[in-house]
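The numbers here are math on the coordinates, done by the rules we state, and not lab data. Since the model is a prediction, treat every value here as computed from it, not as a measurement. Cβ sites come from the backbone with ideal geometry, for glycine too, and all protein chains shown count toward neighbours.
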């Protein structure tokens, strides 16, 4: 077992406090039991580190304020924050049963990139983009060979890559009910 000095423990809790944006709780600190043994209590350890006593409620008082904070952070991140990035996660778990429930409440979608000023493509623009890639490759491109924005627009407007190819005359073979349209 590694031997950690008191100074190391204090530096670690201070670093973690800076990262979290608040005084860590016992569940946030991996060396909790060692700090408790060395300093006699969690409160004594926090005081020795020069940190203020933990307060679960700083400026967030309702589910709606929490959701607004997550939405603001999502604009900066350009996606929904995960629980490790959200500085009020400790409050989330007091007001919601899970992180997923909270994200649904915010109206954000996990793992979906937030793009400001999303471009809406016409069918003609989509066909032109695919024809450009076709000319560059010298063959029909795979869906992964067009830009993500084009592929996303095709999926939204046509339901899938194969449907797009068929409806726009790139393929004579109509997609079947069992075919995977998102390949």
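Length gained on full extension, residue 155 to residue 142: 3.3 nm, using 0.36 nm per residue less the C-alpha separation. Between (1) 78, 34, 28; (2) 59, 36, 33; (3) 76, 40, 31, which entry matches Cα extents along the principal axes in Å as derived from the coordinates of this structure? Correct label, based on the coordinates given: (3).
Peptide packing: for 129-140, 145-156, the average count of neighbouring Cβ atoms within 10 Å per residue gives the ranking 145-156, 129-140, highest mean first.
Here the Kirkwood formula puts the hydrodynamic radius of the stretch 63-106 at 10.1 Å, using every distinct Cα pair. Enter the angle in degrees (range 0 to 90, nearest 10) between the Cα long axis of helix 6-20 and the first principal axis of the Cα atoms of the chain, meaning the one along which they spread out most. Between the helix axis and the principal axis of the chain, the angle is about 40 degrees. The angle separating the long axis of helix 63-77 from the principal Cα axis of greatest extent in the chain is about 60 degrees.
Rounded to the nearest 500, the 222 nm mean residue ellipticity of the chain from helices alone is -15000 deg cm²/dmol, with -39,500 (n - 2.57) taken per DSSP H run of at least 4 residues.
Given contacts defined as C-alpha pairs under 8 Å and at least six residues apart, what's the relative contact order of the chain, whole-number percent?
Relative contact order here is 12 percent.
Helix 148-158 and the longest principal axis of the Cα set of the chain meet at an angle near 60°.
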